[in-house]
Every structure is written in structure tokens, then in C-alpha cells.
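Before any comments, here is the structure.
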Protein chains: 2
Amino acid sequence: MSYFDAASAAPLHPVARQALLASLDEGWADPARLYREGRRARMLLDAAREAAAEAVGCRPDELVFTSSGTRAVHSGIAGALAGRRRVGRHLIVSAVEHSSVLHSAEAFEAEGGTATRVPVARTGAVAVESYADALRPDSALACLQSANHEVGTEQPVAAVAELCREAGVPLLVDAAQSLGWGPVEGPWSLLAASAHKWGGPSGVGVLAVRKGVRFAVQGPVDERESGRAAGFENIPAIVAAAASLRAVRAEAAAEAVRLRELTARIRARVAAVVPDVEVVGDPLRRLPGIVTFSCLYVDGEALLHELDREGFSVSSGSSCTSSTLTPSHVLRAMGVLSEGNVRVSLPTGVAEEDVERFLAVLPGAVAGVREKLGAPVAVTDADVRGDELVVDALGKRCPIPVIELAKVIGEVPVGGTVRVLSDDEAARLDIPAWCEMREQEYVGEQPADRGSAYVVRRLS
Amino acid sequence: MSYFDAASAAPLHPVARQALLASLDEGWADPARLYREGRRARMLLDAAREAAAEAVGCRPDELVFTSSGTRAVHSGIAGALAGRRRVGRHLIVSAVEHSSVLHSAEAFEAEGGTATRVPVARTGAVAVESYADALRPDSALACLQSANHEVGTEQPVAAVAELCREAGVPLLVDAAQSLGWGPVEGPWSLLAASAHKWGGPSGVGVLAVRKGVRFAVQGPVDERESGRAAGFENIPAIVAAAASLRAVRAEAAAEAVRLRELTARIRARVAAVVPDVEVVGDPLRRLPGIVTFSCLYVDGEALLHELDREGFSVSSGSSCTSSTLTPSHVLRAMGVLSEGNVRVSLPTGVAEEDVERFLAVLPGAVAGVREKLGAPVAVTDADVRGDELVVDALGKRCPIPVIELAKVIGEVPVGGTVRVLSDDEAARLDIPAWCEMREQEYVGEQPADRGSAYVVRRLS
């Protein structure tokens, strides 16, 4: 089995395992107690906090351990917004943040706050100027990820942090994907991360709040972790998280070079050996281990199953693989193709042979899925009226609407249009993306009796 | 070392350790993913949920795993109150709940809700009639612990649950202290518990919400654990929690008999061998492993240090051992002595010899602390005015005010009064408790320039 989904969860690092086992016997007691077992637990907790703070680049008393990265984000955003309530009720996030950030923004809006979602370029990166434009006198907080979890694109965090400092607005950085690779540069105010992304155990998040940042804890009072993370501390896991962070940092520089070479190889070779593929994300400013691409005319779930059968565990931002029927908000914000989407995120220490085997298997897997989906469009579904051809793809899930569009575009004259009727959310993203890839004109979306009509003009 | 503080955190059960190790390699992946590692993680999670639900006595789809017992309580109370917002904004709790429940009640009041705190008898138990009296047409939720964490008294949960069902008000049971011993009886609606109390690992709580209970999750949306516990699931710890719950349940009946005998022995012997001691909590309706007593004229922290030096880890509800300067809200609500308070909570498997050694060491430890504190009251501190003697104990921490009272009571004639000036919060509890133990009359508390004046009339 080759596990290529480290961006979801990394396998436990050997150092984490070792530290966890060692501290199961030493760290189970209540660190608030004065007796021997309590003092021992407190010492382990204090040492872990110092190690984590050093890796984050903050003071130990600025850092608390939460029960997950999601909790760190939820608590960090809620606390910072409440702490600056008097300044205003405006929040800035990028459109490609992790769902924990975006759901926090929605919760804030539900309570009467307003949120600005900063758009991204086709690479997935925000422009520093967009954050400058979004800042307002009533901005209480801005959030920006250090790097994107779906496509690996690094964000200009240091420049945005500088900008926010000048404006007097705290910046919360979701560093979940990057903290194992190095500290976040720039004058950030709050930082959240998650241990199981860097090879630590599940159940540990990190929340750093710089001294001087106004912060008002929300929810019931709890005295643990400076009042910022309710519940009994999970010290064995915290010790393992801190020890493994230090360990992956020691290996980071060399491993980054190695993984960058492997992901560059995937980027180049996928584009070369898989027809009709779009490799997405910034080609240069990106995390070492993540590469993402989308395959036209491919059902993401079927491709994942095919790859799983071949022994590869990858994930996908296609709507076909989720229960929600909407494609990844990241791919949507980037305006790239979502169908047949595959994210490869290599764990540290991955073997080069496994990557080569993946590249050998992928073209056949994609071709196989396309072949299964390649049934000709039924004649009754296409209906030429003058220069317009109507494709009825109602009730059909991605990638069928795009496949049907591609099959009939040659049947209308150049300058003529194809009207695709679809009630699949993914069509809204994938039909324009197909037009861009195929250099056809996307005329626009029109309301229809059921779903929408997507109009495409043949240019060549 | 004899660890006698299982009610704070139990050492890891061997079965928990074994299950944790086994699932570190199998349970680290994202259970929401479709590939092999994800499916394996999902299977482990599903099996753990079934085992835990069986032990709790609910359906698997009624139970979620949280990151701690505190989180289970916070989320359970907030969700149930929000789910029944239209019914009303009234909450009922007992006065001796765990701080996570009481702090939730305070947070609810800060948002405009009202909370009734049901008083307890001197045993620490609530009366069923008191819950009947507290129920109102606008009651959204009632909370009652299955047993008290500080004194071990069992609460009449089944009867209160029946009462609440008749009134159509959901009852949340905090079963943190009792779940390892058996399921909670009666028609409860919500239940919260914490794995590290039964020998499971830190980082796992349990929240059960019966079908049909109106429940509205608070905070940002998160799809994990039916939306009721945000953040990546800590599956190895969850597996260990469920496995150890099953294991301790298998041993519970036999171990309960053994521990009951040991705590009964402590109750009897402490009262016999330590002078001026009050053993608190219900002598019969109590948890098997908890026994609590308070020693007059003893500084709780000094006694804990003395016992720690002798190799015993116990905890205390005395204000002298906490940073907050207020004595335990449980002892206060019971109206019992708080000074020199010691809670012994025996872990399962504790050796009888260790208990015997504790009973052998305790009288000397108490006597030693009393001797150190026994300096005679300075003549200038006591000032007889007619039949009233004034003791100035301002600036002196518990148990000094009570010691000074005890020393001078013989100096006033029967019928005369002693006026103790004190600014220590514990005096408000401990002076009346001393009067009850010594059969003197507690006249009352009067305002003073600094602190309060506590007036005691000599009866004998």
C-alpha cells in the first residue's frame, strides 16, 4: 500500500510513537495536583510547551494545546473576534481557507458579524493587495492559511501579516499544512496548527496567541491551558506531538528538497502522460509534498477506487467523492476543473519507487474510468435547433455533463452554441473550466425549469 | 508510591494500553476517506462506538466521542439548551455538580438564561422533591451527576430522571464518576462521561443524546461525529477508551465489593484514630472507592505535602490547596467542615496493605501539621470586652481562624461570645461547621471594616 494522503493525516512518526509510549506511564495524572504523579505530569507538559513554542516561534506562555487543529482554529477566531468586539464586527478570510476557518466565518455571520472572503488567482494564491483592499476600520481579525491544503500553494503570509500589523488588525495564520516544514514568517498575531498533520498523534492542536493581542475566551470558564482549551490535558499525546515536531523539523530541509523533486516529477509527468489533464496550484510557491490535478471526463470517486485497488491512497476535491454534492470550495475559488480531481500528498520518507509506480499506473487508471463513462450520448438527448444544440444532462452527475458537451461540440458550426441542461453543482465549475482548457467560449449560465442551462459557443 | 486520587484521573488500565498500542498503526487515518487506511480507521471507530454505546445503554448512533468529559458536558448542555430555546431559558443543576456543569450554567446566565441550583443535604445528596420544586414550565434542561466527585455520594438519578420525563424536561446526567461501575439507570435524556476516570486514556469523552431529544449544535459547523464534536477523531484513544470501559465493567461487581470494604474501613478507622475529624458524604449510598474527611485545625496543603512525603497521593477540597482561595463548592453546599479536607479515591486493584499503611501514617501526619500550626494566640490578638472576646485573625489563612477560636472559647463564660475577625473565605464555612461539631452556637456573620466578624456563643 502506498499512502499518498499525508495532507489529511500523516502516519505516526517513530519519534511520536516512542514519546507517546514513554509518557503513558508518566503523564496520565492531573498536572494541577501537587503530589508526585501530578508534578511529573506538569513537568512533561511544561517541557512539551517549551519545545512546541520554540518550533512555532513564540513564548511558551503564548501557546496552549487544544484537542485538535479544528478546535485551535475555532477557539482562536472566536476569542480574537470577541476580544476586539469594540473595534468592530468585520472578519477577513481567504476563499480557500480550511473548512474550520470558513465555518467559523459563517457562525460569525449568523451572529450578526460580516465577513469578507478574499478571492484567489488561478494558482490558488491570494494577492497581498486584495487583503489591503479588504481591511476596514471595523476589521476585528484577518485569517490566512500559510499554505493551501488541497493544492499546496503557499500564501504570502509574511507580507499580509506586515500589512495587518500596519493596519492594527491581528492576523490569525492557519499553519496546519506547513508547521512541520518551518515556522511561519512575519508578524502574525495568532497561529493554529494540528499535530497529526506533521506525524504527531491525533488529539492535539496548537493555538498561539501573541502577548498584547486582545483575546476573550468564549464558552464556559475552564482553568486548564490558561483558560483557552477546556478539558483535561492529554499529556502523553502532547508530549508526542512536541517531540515529533522537533524531529520532523530536524529532517525538514533535506526532506523538502527530496519531496519537491518528486512532486515536480509528478507535475511534469502527469501532464505529459495523461491526456486532458489540468495540473493545478502554483508551480513554484508550493509545499514540498502536495501535487493536485484534475482529469477531464473522469468521475473522481471511480478514479479513487481504481487507484485504491492498485494500492494507492489519495484524496479528491471532486464532488463525486463527497456526500455534499458540491465540489471543493478551493477548486471552485481557483476556477479550475474539479472533475476527476486527485490530490497526491506525499508523506515524509516516501519511497521514490512508489511514486514511479504511481506514475506508471495512473494513465491506465484514468483511461479505464474514461472508457467506462464513454457511452455515446443518446440521440434523444441532443436536439439541434438552428445553430443551437441542446444537451439534456439533467439528473446526470459529474463528469457526464462535460463528457456530453465535449461529444457534441463538433456537431454545431463554428460560432454556434451548445446549451447544456444540468442540475449537478459541479457543472457550474467544470463547464467554464473545460471551455478554458479547450479554448471555447463560455457564454454563461441561464435559469432553466430544472437546474441551469450552461451555454458554450464553439470558437474553433 | 500509593496513588489514591483515582477520581481525578485513573492510571491507564492495561487493556487501554494494549488497545492504544494496537490501534496506533491501524487508526491514524481519516475515517471519512474511502481508501484502505480510511476504511480501517472507520471500522475501528464504528466498533468502539458500538462497545461504548452498549456500556452506556444507548444506540450507537446516539453516542459521539468528544475530546474530554468537560467538552461532553459543555456541548451537551449548550446543545440541549439551544434545542429547547423555544420552550424557555431555565436550567436546573444541583449545587454540587462538577465545575464543567456549573461553569456552563454561569455561561448560560451570562447570555440571559436563568439557572436554579438545587441544594443538597449534609450528605451531599439532592432530594428528589427539590428537583420537583425546581421544575418550571420554561425549564429547558435539568442536570444531575450520577455521583459526586468529591465525596462519593450517589444521587437519586433514576427517580429524578423519571420526574423529568413526566414533566417533559430532558435530564443530562454527568456520569463521569460512575460509568466504570455500571450504566446509569432511569430514563435520562443526555449523558456525559470521561474515559480517563475509568482507566481509559486522556483525550476521550462520551456524549450520548437520546433520539427524540431536541439538540442544536452550537459553534461552527463540523461534519465529524454527527456534527456534535468538532475536530479530527482521535481513534487510537477512542478504541482504548471503549476497550477499557468493557474491561473495567467486567471486573466492576467484584472490585466494588472489595473497594467498599476498604473505604468503609477508612471511614470507621479515620473517625476512631484521628481526633477532631469529620467524615463526610453519605455512608451508604456512595461510590465504592471514594472517602472524604476533614480535619479540624489542619492546613489542607500542609497535610497533603506530609502525605505526599509519606508516599500517598490524595487530593483536597480545602481552599488552602487551591489558588482561588475559596473552599470547594461541594463542601460548602453540604455545609460541612472544609479545613484539612482529604479525598481518598482508590484506584481499582489497589492493594489492601497500602490502605492499611495509609491508616497507620495518617494520625501522625495530622498531629504533625496541627503541632506546627499550634502556636498560642498572641495576647494582643485576643481582647476581652465584658462577655465578648474579640479574636483578630485578619490576614490569616485557614485553619488559623478556627484554631484561634478554639483556643479562646474557654476564656469566655458560658453564654458569652467570641467574635472572630477574618478575611479568609474558608472561615465562613468552617466556623459554623466547627460550632456544629463542638455543639457551640453559631450566632452569625456581621460586616466588619475588613473581612467579616463571625460571632460564636459558648454553650458548654
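The values are calculated or read from the model by the stated rules, or taken from the named source; none is laboratory data. Note that the structure is a prediction, hence the values are computed from the model and not measured. Cβ atoms come from the backbone with ideal geometry, glycine included; neighbour counts cover every protein chain shown. The protein model used for the area step is the full one, side chains on, heavy atoms only, and it has no ligands, DNA or RNA in it. Shrake-Rupley method; radii C 1.70, N 1.55, O 1.52, S 1.80 Å.
Would you mind finding the one in A:288, A:236 that is of a type outside the set (D, E, K, R) and not assigned by TED's automatic domain parsing to the domain that holds residue A:217?
Testing whether each residue is of a type outside the set (D, E, K, R) and not assigned by TED's automatic domain parsing to the domain that holds residue A:217 leaves just A:288.
Restricting attention to segment A:274-301, report how many residues are under 19 Å from residue A:335 (Cα atoms), within 14 Å of another protein chain (Cβ to nearest Cβ) and open to solvent by 30 Å² or more (accessible area, probe 1.4 Å).
Residues meeting the conditions: 1.
Got a sec? Which of A:226, A:202 is among the small types (Gly, Ala, Ser) and in a helix (DSSP H, G or I)?
Selected residue: A:226, the only one of A:226, A:202 that is among the small types (Gly, Ala, Ser) and in a helix (DSSP H, G or I).
Looking at (1) at the interface with chain A (Cβ under 8 Å from one of its Cβ atoms); (2) under 20 Å from residue B:201 (Cα atoms); (3) of a type outside the set (D, E, K, R), which is the one condition that is false for residue B:1?
(2)
With (1) part of a strand (DSSP E or B); (2) modelled with pLDDT under 95 as the list, and residue A:22 as the residue in question, which single condition is left unmet?
All conditions pass for residue A:22, except number (1).
Within segment B:6-22, how many residues are more than 8 Å from chain A (Cβ to nearest Cβ) and either open to solvent by 50 Å² or more (accessible area, probe 1.4 Å) or of a type in the set (Val, Ile, Thr) (or both)?
Number of matching residues: 4.
If you take the residues of segment B:23-42 that are in contact (Cβ under 8 Å) with a residue 12 or more places away in the chain and surrounded by fewer than 19 Cβ atoms within 10 Å (Cβ to Cβ), which of them is nearest to the other protein chains (Cβ to nearest Cβ)?
Looking at the filtered set, the residue picked out is B:32.
Condition check: in a helix (DSSP H, G or I), without any contact (Cβ under 8 Å) to a residue 12 or more places away in the chain and not β-branched (Val, Ile, Thr). Does residue A:360 satisfy that?
For residue A:360, the condition - in a helix (DSSP H, G or I), without any contact (Cβ under 8 Å) to a residue 12 or more places away in the chain and not β-branched (Val, Ile, Thr) - is met.
I'm told residue B:212 meets every condition in (1) part of a loop (DSSP other than H, G, I, E, B); (2) in contact with a helix residue (DSSP H, G or I) (Cβ under 9 Å, 6 or more places away or on another chain) except one. Can you identify the failing condition by its number?
Failing condition for residue B:212: (2).
What are the residues in segment A:250-269 that are touching a residue at least 12 places away in the same chain (Cβ under 8 Å) and either out of contact with any Pro (no Cβ under 9 Å at 6 or more places or on another chain) or within 14 Å of chain B (Cβ to nearest Cβ) (or both), if any?
A:251, A:265, A:266, A:269
Could you list, in sequence order, all residues of segment A:402-446 that are part of a strand (DSSP E or B), more than 25 Å from residue A:330 (Cα to Cα) and open to solvent by 30 Å² or more (accessible area, probe 1.4 Å)?
Scanning segment A:402-446 gives a single hit, A:419.
Here's the yes/no breakdown for (1) within 12 Å of chain B (Cβ to nearest Cβ); (2) modelled with pLDDT of 95 or more; (3) surrounded by fewer than 20 Cβ atoms within 10 Å (Cβ to Cβ):
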residue: A:197; (1), (2), (3): yes, yes, no
residue: A:213; (1), (2), (3): no, yes, no
residue: A:221; (1), (2), (3): yes, no, yes
residue: A:226; (1), (2), (3): no, no, yes
residue: A:229; (1), (2), (3): yes, no, no
residue: A:245; (1), (2), (3): no, yes, no
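Can you say whether residue B:191 is modelled with pLDDT of 95 or more, assigned to a strand (DSSP E or B), more than 14 Å from chain A (Cβ to nearest Cβ) and surrounded by 24 or more Cβ atoms within 10 Å (Cβ to Cβ), as far as the supplied structure shows?
Answer is yes for this residue.
How many residues are farther than 21 Å from residue B:209 by Cβ and in contact with a His (Cβ under 9 Å, 6 or more places away or on another chain) when one looks only at segment B:115-133?
Matching residues across segment B:115-133 total 1.
Which numbered condition trips up residue A:237, out of (1) in a helix (DSSP H, G or I); (2) more than 14 Å from chain B (Cβ to nearest Cβ)?
Of the numbered conditions (1) in a helix (DSSP H, G or I); (2) more than 14 Å from chain B (Cβ to nearest Cβ), the odd one out for residue A:237 is (2).
When you go through (1) assigned by TED's automatic domain parsing to the domain that holds residue A:202; (2) hydrophobic (A, V, I, L, M, F, W, C); (3) in contact with a strand residue (DSSP E or B) (Cβ under 8 Å, 6 or more places away or on another chain); (4) open to solvent by 10 Å² or more (accessible area, probe 1.4 Å) one by one for residue A:304, which number turns out not to apply?
Here residue A:304 meets the rest and fails (1).
Answer with yes or no whether residue B:265 is in the same structural domain as residue B:188 (by TED's automatic domain parsing), more than 20 Å from residue B:201 (Cα to Cα) and of a type in the set (Lys, Arg).
When the stated conditions are applied, residue B:265 does not pass them.
Grab the strands (runs of 3 or more DSSP E) fully contained in segment A:57-167, keeping just those with 3 or more residues being more than 12 Å from chain B (Cβ to nearest Cβ) and either touching a strand residue (DSSP E or B) at 6+ places or on another chain (Cβ under 8 Å) or among the aromatic types (Phe, Trp, Tyr) (or both).
Qualifying strands (runs of 3 or more DSSP E): A:90-94, A:114-118, A:139-145.
Does residue A:47 count as out of contact with any Lys or Arg (no Cβ under 9 Å at 6 or more places or on another chain), away from chain B (no Cβ under 11 Å), among the small types (Gly, Ala, Ser) and crowded, with 24+ Cβ neighbours inside 10 Å?
Here the answer is no, as residue A:47 does not meet what is asked.
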